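Taken together, the values in this text are just the output of simple stated rules run on the coordinates, not laboratory data. Nothing here was measured: the structure is a model prediction, and the numbers come from that model. Heads up, the Cβs are rebuilt from the backbone with ideal geometry, glycines too, and the neighbour counts pull from every protein chain shown.
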Amino acid sequence: MADRDQRELSGAAGINRRGLLKCMGWAGTGVVWSLAGGVPRTLGLIGSAAAAEATQGELTFVQISDSHIGFHLPPNPNPTATLGEAIAQIKAMPSQPAFLVHTGDISHLSKEEQWDTADQVIKSANKQVFFIPGEHDVADAGNGKAYLDRYGKNAQGKGWYSFDVAGVHFIGLINVFNFQPGFKSAGLATLGDHQLEWLEKDVAGRSASTPIVVLAHLPMWTIYQQWGWGTADAGRALSYLRRFGSVTVLNGHIHQIIQKVEGNVTFHTAASTAFPQPAPGTAPAPGPMKVAAGELHKYLGVRTVDYVSSKGAPALIDSPLVA
Amino acid sequence: MSTTTSPIARRTRIGLLIGTLGATALLAAGLPGLGAANQAAADVAARAITIKIASFAFAPKDLTIAAGTTVTWENQDEEVHRLAAVDNGFSSPALDNSDSYSHTFATPGVYKYICSIHPYMVGRVIVKPAGKSS
């Protein structure tokens with residue numbers, strides 16, 4: 001897996017490139033694209049080739065997402081196996097991450113046995129894991145009670161939390177409750193006033209030089225409204241974060257890698273470990289995308305986030321699963 | 001392996017459903033007069049309507065029924081959907097591919113519902129007093 005050809009740098013946004021990258025769209029303007037096995041992947045932002053040589057820095061962690069344990073249909077009737085492959089790939093990394101984050105949809109149907117299976121597989125990495133829920137994890141009869149009882153014991157409100165490691169401030173935001181019914185609105189996710197008030201207090205008084213990592217399940221910008229791929233009140237959350245020199249927003253939900261840069265804030269959606277979804281608007285509806293059996297692994301992956309120094313933005317490396 | 005337990009769980013649910021239907025038939029057969037039981041069965045057939053969930057949409061999106069009608073939603077998508085009434089009057093479990101959920105609307109009114117997982121999926125059931133649905 002350490003083969004450089006299999007590793008793509010996907011967004012070491014240096015602050016000095018702010019002007020160039022301002023207003024860069026998610027479609028990838030300003031990003032160097034490469035083709036790896038037919039799948040377009042970013043090689044890095046223009047001018048950041050040096051970052052591709054990033055070595056282990058002060059903090060390295062790994063993001064996994066959308067393991068959907070309990071899914072049983074094409075293109076992946078066995079997401080437990082592919083989650084296991086992702087964990088094996090993490091264990092084989094030459095620079096071991098300090099911990100893992102899972103950005104939601106651990107389970108497919110919010111069932112205890114699905115979380116049991118996921119926990120069992122992920123446990124073999126021998127790392128601390130920070131979870132946030134996806135909407136598939138709060139689909140129990142108690143509207144999220146099962147998830148919060150199991151994973152949210154030390155969290156605030158409906159599961160949100162923050163913590164600090166190596167000078168980096170991590171914030172786990174929950175945008176899978178408080179959906180707006182789509183009768184008169186777009187039916188997007190929201191964070192809600194309670195959580196936003198907590199966020200404002202959480203970051204108040206912190207030095208602007210503190211690097212920030214935000215974890216969320218749904219994208220924190222509207223990628224595709226027709227499929228509900230956005231968070232209606234994300235702008236208010238970002239208004240509290242823009243003063244920081246480096247803000248890295250990591251999310252799942254859409255099962256494909258898309259980036260966007262807005263000033264000091266970089267947004268990165270992650271690959272799933274279970275199945276891909278179509279690119280926005282390229283199919284009548286979202287949902288599992290069928291791919292040839294031999295191609296599945298190219299669409300799945302794990303992401304390494306590497307802070308070379310605690311002052312700059314991290315280097316992100318998206319690695320497809322190795323079959 | 002959860003992926004192998006899932007189909008078994010679903011077979012169990014189908015078994016339970018058949019069991020429930022069987023029990024209902026037995027109860028109906030126990031009612032006085034076979035003719036009345038047959039009439040009741042005919043009413044049930046006339047008052048059962050299915051809404052398809054396909055391609056992340058409800059079909060039909062708006063449904064007008066008579067009070068007392070049982071509506072069954074059938075998930076034909078490979079993605080999970082979960083029904084939730086906006087007034088919290090009913091909600092389904094998470095419906096996997098080919099799972100279904102039924103709710104009987106006893107009281108006239110307009111019932112808005114969404115998929116709680118994909119809240120841009122919306123539908124309405126308009127319930128008229130019995131006998132005035134069409």
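Could you give each residue of the range A:268-277 its phi-based ³J(HN,Hα) in whole Hz, using Karplus coefficients 6.51, -1.76, 1.60 with θ = phi - 60°, and x for Gly or Pro?
Karplus-based 3J(HN,Hα) across the range A:268-277 equals 9, 8, 10, 5, 8, 9, 10, 7, x, 10 Hz.
Amide H neighbours of residue A:231 under 5 Å, at least 5 residues apart or on other chains, H built in the peptide plane: list them.
A:221, A:222
Evaluate peptide A:98-108: per residue, the Cβ atoms of other protein chains within 10 Å of its Cβ; return the mean as an integer. Walk me through the numbers on the way to the answer.
Working: counts 0, 0, 0, 0, 0, 0, 0, 0, 0, 2, 7.
Average neighbour count from other chains, rounded to a whole number: 1.
Compute the label zone of residue B:74 within the range B:95-125: residues whose backbone N is under 13 Å from the point 7 Å along Cα-to-Cβ.
B:98-102
PRE reach from residue B:124 (point 7 Å along Cα→Cβ): which of the range A:150-183 fall under 17 Å by backbone N?
Of the residues in the range A:150-183, A:181-183 have backbone N under 17 Å from the label point off residue B:124.
On a C-alpha basis, how far is the centre of the range B:77-124 from the centre of the range A:95-116 in Å? Whole number, if you could?
Rounded to whole Å, the Cα centres lie 27 Å apart.
Name the long-range amide H neighbours of residue A:58: under 5 Å, sequence gap of 5 or more, or other chain; modelled H, no Pro or chain starts.
The answer is A:307, A:308, A:309.
Among all the lysines, which ones have a C-alpha under 23 Å from residue B:52's C-alpha, if same-chain residues fewer than 8 places away are not counted?
Cross-link targets: A:184, A:290, B:61, B:112, B:128.
How far apart, in nm, are two points set 7 Å out from the Cα along the Cα-to-Cβ line at residue A:91 and at residue A:201?
4.2
Could you give the nm distance between label points at residue B:50 and residue A:81, where each point is 7 Å from its Cα heading toward the beta carbon?
Using points 7 Å along Cα→Cβ, the separation is 3.2 nm.
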